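Working notes, structure below.
The values are calculated or read from the model by the stated rules, or taken from the named source; none is laboratory data. Here the structure is a predicted model, which is why all the values come from computation and not from measurement. Cβ placement follows ideal geometry from the backbone for every residue including glycine, while neighbour counts extend to all protein chains displayed.
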Amino acid sequence: MKTFHIAVLPGDGIGGEVVAEAVKVLRAVEAQMTGVAFDLTEHSVGAAEYLKNGDPLPASAFAACRAADAVLLGAMGLPSVRWPDGKELTPQIDLRERLDLYCGLRPIRLYHAAHCPLKNYGAGEIDFVIFRENCEGLFSSRLAPRDPAADEARDTLRITRRGAERICQAAFREARRRHRKVTLVDKANVLPSMVFFREVFDSVARHYPDVETERVYVDAMALYLVQRPHTFDVIVTENMFGDILSDLAAGLIGGMGMAPSADIGEGCAVFQPSHGTAPDIAGKGIANPIATILSLALMLDWLDHPETKAAAKRINDAVEAVLADPANRTRDLGGALSTTQMGDLVAARC
């Protein structure tokens, strides 16, 4: 029997509510496995933990994440809870950087035509994935101290060859598995850092002659994602650009409650919904758990065991089957299902 040790971080706001549904689905697929079991250990992190003990990511929780086979995260932080310098707590970014989870994976798939604000797109016609570089870019100087008396503030957009190479290589590997097309998103017409990023992309591309490539400026990409999202397959970009485009892309498929994500490094990974803590709906039982359930499927696939990979497929198929029925909608999608009701439907289909 293979036992996978999973660190579970419910976090703040709706984090605990959506993670509970993902755990329900995990237990449903686990019951069908013969050679795999899951040992789940929950840890307190986020704004509530900070208010209690002064640290949103305690050393014990971080050590557990580093030692675990994978991490399942809900959401962390609250707009009203900030550091003394005024910045919001971002322990999820701390976790990425400290564990070097450089590969931000953001799959975007339309499950039902009614979820898309654009016309003429059916289920499966929007299906691409964003590879976001997670540890550099415009976030690189976020921890630098700022003089509150100064008349200016600066951020540094940092691109290293190593950082650009490994995210581009990850994107090309995925393109070979999918439809063999990679789109680089940059701002190489203006920023020297982006010229360098493009040069690295081009050097990596030469090792994948079977993969089609294109290069799009980030402002044009915002336009094209609205005009022709069906033409994209694998998209690779810098940290901040990926952050922004991921939210725009989520809007194409029904919103943040439909957008899973993974932050992957060498031998360690965190899986979480793309959305935040949504304190305005926390405790109401109306949050959409689909993004978290799909993140769970990403985790099972990443664990790379025959039974976990089969379970990931069962979850993805279950989500597709549940959402094919227009009656199965949470509030964000125009329906009336509660968080637990949606989780129950998916678990029953697995």
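Points to keep in mind about this one:
- D151 being in a loop (DSSP other than H, G, I, E, B), closer than 30 Å to D85 by Cβ, touching a Ser or Thr at 6+ places or on another chain (Cβ under 8 Å) and among the acidic types (D, E): no
- Scanning segment 306-316 turns up at least one residue that is closer than 28 Å to G35 by Cα and touching a Gly at 6+ places or on another chain (Cβ under 7 Å).
- Number of residues in segment 289-319 that are among the basic types (K, R) and either crowded, with 22+ Cβ neighbours inside 10 Å or in contact with a Pro (Cβ under 7 Å, 6 or more places away or on another chain) (or both): the value is 0.
Each row is one residue, and each column tells you yes or no for (1) in contact with a Ser or Thr (Cβ under 9 Å, 6 or more places away or on another chain); (2) not in a loop (DSSP other than H, G, I, E, B).
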residue	(1), (2)
P84	no, no
R96	no, yes
I108	yes, yes
P117	no, no
R146	no, no
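- Which listed residue is of a type outside the set (V, I, T), out of contact with any strand residue (DSSP E or B) (no Cβ under 7 Å at 6 or more places or on another chain) and modelled with pLDDT under 95, from G86, G46: G86
- When residues in segment 7-43 are screened for being surrounded by fewer than 17 Cβ atoms within 10 Å (Cβ to Cβ) and either in a strand (DSSP E or B) or of a type in the set (G, A, S) (or both), 7 of them pass.
- Test set (1) in a helix (DSSP H, G or I); (2) modelled with pLDDT of 95 or more - F4 fails condition number: (1)
- Within segment 297-350, the set of residues being basic (K, R) and either over 18 Å from I108 (Cα atoms) or not in a helix (DSSP H, G or I) (or both) comprises K309, R314, R329, R331, R349.
- Odd one out for L57, checked against (1) surrounded by fewer than 14 Cβ atoms within 10 Å (Cβ to Cβ); (2) closer than 26 Å to P279 by Cα: (1)
- Residue satisfying condition, being within 19 Å of the chain's Cα centre (by Cα) and over 25 Å from R166 (Cα atoms), within set T340, T330, T292, T308: T292
- T339 being more than 16 Å from A20 (Cα to Cα), crowded, with 22+ Cβ neighbours inside 10 Å and outside the structural domain of E133 (by TED's automatic domain parsing): no
- Contact map, segment 268-283: first residue within 19 Å of I244 (Cβ to Cβ), second residue modelled with pLDDT under 95 and among the polar types (S, T, N, Q), Cβ cut-off under 8 Å, separation 6 or more or different chains; pairs are Q272/Q92.
- Contact map, segment 147-174: residues that are closer than 17 Å to K187 by Cα paired with residues that are assigned to a helix (DSSP H, G or I) and among the small types (G, A, S), Cβ distance under 7 Å, separation 6+ or inter-chain. Pairs shown: L157/S193; I159/S193.
- Filter result for Y224 (surrounded by 14 or more Cβ atoms within 10 Å (Cβ to Cβ) and without any contact (Cβ under 8 Å) to a residue 12 or more places away in the chain): yes
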